[in-house]
Amino acid sequence: MKLSGHSAVVTGGASGLGAATAEALTGEGVKVAIWDMNAEKGEAFAASIGGVFCHTNVADESSVVAAVQKTVQAIGAPRILVNCAGIAIGEKTVGKNGPHDLANYKRVIDVNLVGTFNCIRLVAAEMEKLDPMVDGERGVIVNTASVAAFEGQIGQAAYSASKGGVVGMTLPIARDLMNIGVRCNTIAPGIFWTPMMAGMDQKVQDALAAMVPFPKRLGRPEEYASLALEICRNTMINGAVFRIDGAIRMQPR
């Protein structure tokens, strides 16, 4: 896919991996819609890249329907969807305060897994309406999982389940969408520098960076964005999951 001149949606695009991807897409001549819950930051960031902001709860059907409508009206139907919206909690299955709070577990699944699928199904329906390009391609979807999908740590039952679900649905979705020319792939990042990481103590950050075999540092959002753009460009990449983690394999804690 030649990127320039197309439209894209980036969920969770107001910060972190999503913001880096939105900036990279804009640099390639793509018009970007930022879907995020943070209205203040999202509006400002969208304006800075010449995009459009949609206040969006990815887990809510009506919210995503409204975001699709606003996006199509503002920049046209998207050829690209990058799902970066997500949340994380740390809670043991059974801890000092008893069993894992079920509402917390469901909330993580709802945002990370159900929310990702909700955006896929509704945006792909818009992609289907577009004229086919080279190879009959109409669009591409890039999801965000995590290495926790494979090596979840203590306290990550909910998060790992949600990201494992994203990994697991990648291939069947690619197969579901093959006849309309829409590809679906997933990136599984390791330990990356994000706003969540910035709030941690420097000693914690240094310890996490030391866990990475090579390079011994945290991943940079622009490195995630670079991979996302290559997935968009390369039409042969479909139904795949890519780790980007410096060869890290997470330990129990």
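Points worth noting:
- Amide H contacts of Gly219 (H built 1.01 Å from N, in plane; Pro and chain starts excluded): Ile191, Phe192, Trp193 sit under 5 Å, all sequence-distant by 5 or more or on other chains.
- For the chain, the longest principal axis of the Cα atoms and the long axis of helix 61-75 meet at an angle of about 50 degrees.
- Whole-number D in µm² s⁻¹ for the chain, Kirkwood Cα-pair radius fed into Stokes-Einstein, 4 °C, 1.567 mPa s: 71 µm²/s
- What the pair-distance distribution of the stretch 62-141 shows, using all Cα-Cα distances binned every 5 Å from zero, is 3, 13, 19, 18, 12, 10, 8, 7, 5, 3, 1, 0 percent.
- Highest-MSF residue in the chain out of Asn185, Asn38, Asn83 [GNM, Cα springs under 10 Å]: Asn38
- Residue-by-residue Karplus 3J(HN,Hα) for the stretch 23-38, coefficients 6.51, -1.76, 1.60, Hz, glycine and proline x: 5, 5, 5, 4, x, 9, x, 9, 8, 10, 9, 9, 9, 7, 8, 8
- Subtracting the Cα-Cα distance of Ala44 and Glu230 from their residue separation scaled by 0.36 nm leaves 64.3 nm.
- Cα-centred dipole magnitude for the stretch 1-108, charges only on beta-carbon of K, R (+1) and D, E (-1), debye, nearest 20: 200 debye
- In degrees, nearest ten, helix 221-233 long axis to first principal axis of the chain (Cα): 40 degrees
- Relative contact order (%) - the chain, alpha-carbon pairs under 8 angstrom, separation at least six: 20 percent
- Listed residues Val72, Val32, Val147, most fluctuating in the chain (Gaussian network, C-alpha, under 10 Å): Val72
- Helical contribution to [θ] at 222 nm, DSSP H n ≥ 4, -39,500 (n - 2.57), averaged over the chain, rounded to 500: -12500 deg cm²/dmol
- Whole-angstrom gap from the stretch 7-44 to the stretch 68-104, using each part's C-alpha centre: 16 Å
- Other-chain or far-sequence residues with amide H under 5 Å of Ile244's (modelled H): Ala188, Gly190
- Here Lys70 is the anchor, and the lysines within straight C-alpha reach of less than 20 Å, apart from those fewer than 8 places off in the same chain, are Lys31, Lys41, Lys129.
- A Förster radius of 41 Å, combined with the Cβ-Cβ distance separating Lys106 from Gln73, puts the computed FRET efficiency at roughly 0.80.
- Choice from Glu230, Glu43, Glu137 with maximal GNM fluctuation in the chain (Cα, 10 Å cutoff): Glu230
- Helix 115-127 and the longest principal axis of the Cα set of the chain meet at an angle near 10°.
- Sorted by Cβ density within 10 Å, fewest first, the residues Ser48, Ser62, Ser226: Ser62, Ser48, Ser226
Taken together, the values in this text are just the output of simple stated rules run on the coordinates, not laboratory data. On a predicted model such as this, the values are computed, not experimentally measured, just so you know. Methodologically, a virtual Cβ is constructed for each residue, glycine included, from the backbone with ideal geometry; neighbour enumeration extends over all protein chains shown.
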